[in-house]
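Every read-out reported here was derived from the displayed coordinates using simple, explicitly stated rules and does not represent laboratory data. This one's a predicted model, so the numbers in the text were calculated from it and none came from an experiment. Cβ: placed from backbone, ideal geometry, glycine included. Neighbour counts: every protein chain shown.
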Amino acid sequence: MSITQGQLQEIIKPVNLNQEKINQVTTSLNQTFESYEINTPLRICHFLAQVIHESGMFRYTAEIWGPTNAQSGYEGRKDLGNDATGDGFKYRGRGWIQLTGKANYKLASVELNQDYVNNPDLLQQYPGAALIAGWYWNKHILNTLADNDDILNITKRTNGGTNGLTDRQLWLDKAKAVIFLSQTEQT
């Protein structure tokens, strides 16, 4: 199952991405869906709800850096693998679901056969921003929660809490309206 440019534009309305960006996003989404078995209407809708929220409607592929107090706290965090000066910023959140910390960049590098440790900006480009979100989705077994239509626990696993739950629910509802309508029209 895939998503069309028209479906994506309808979901994110009134935001209007330029043609090049809508092509990049749609192609990247479809590659991610195929790679990570995000292959049912419910899985696609839940994935979209999370990444649309996390990426600011596909405007951002990297964490906006202040640094805020929380971001400054990334520096020296052993649980994130940030053991050298500057690692907090270097391994800040990237991708549509923010991959954060040198340890996570190393794990993704090994599992995806890409050198994100020495080239972290690859996660800000397409299709990397989407594929890392799919990798994270798969690692955290979110297809199972999507199959159960469990936005609360998907949000907790994606964000570590319930930050933005109302907005994520809005995106889920919009995605369902478009994706399920398309499915009905095809039958």
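At a glance:
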{"quantity": "Criterion: exposed (fewer than 14 other Cβ atoms within 10 Å of the Cβ) and acidic (Asp, Glu) - qualifying residue of Glu63, Glu54, Glu37", "calculated": "Glu37"}
{"quantity": "Residues of segment 125-163 classified as within 24 Å of Phe180 (Cβ to Cβ) and in a loop (DSSP other than H, G, I, E, B), total", "calculated": "4"}
{"quantity": "Count - residues of segment 66-83 that are buried (at least 17 other Cβ atoms within 10 Å of the Cβ) and assigned to a loop (DSSP other than H, G, I, E, B)", "calculated": "4"}
{"quantity": "Filter pass, Ile38 being out of contact with any helix residue (DSSP H, G or I) (no Cβ under 7 Å at 6 or more places or on another chain) and assigned to a loop (DSSP other than H, G, I, E, B)", "calculated": "no"}
{"quantity": "Top-ranked residue in segment 101-124 [being of a type in the set (D, E, K, R) and part of a helix (DSSP H, G or I); ranked as nearest to Gly88 (Cα to Cα)]", "calculated": "Lys102"}
{"quantity": "Subset of segment 78-132 (residues that are touching a strand residue (DSSP E or B) at 6+ places or on another chain (Cβ under 6 Å) and of a type in the set (Lys, Arg))", "calculated": "Arg94"}
{"quantity": "Sole residue being assigned to a loop (DSSP other than H, G, I, E, B), buried (at least 18 other Cβ atoms within 10 Å of the Cβ), in contact (Cβ under 8 Å) with a residue 12 or more places away in the chain and in contact with a Leu (Cβ under 7 Å, 6 or more places away or on another chain), chosen from Ile3, Ile11", "calculated": "Ile3"}
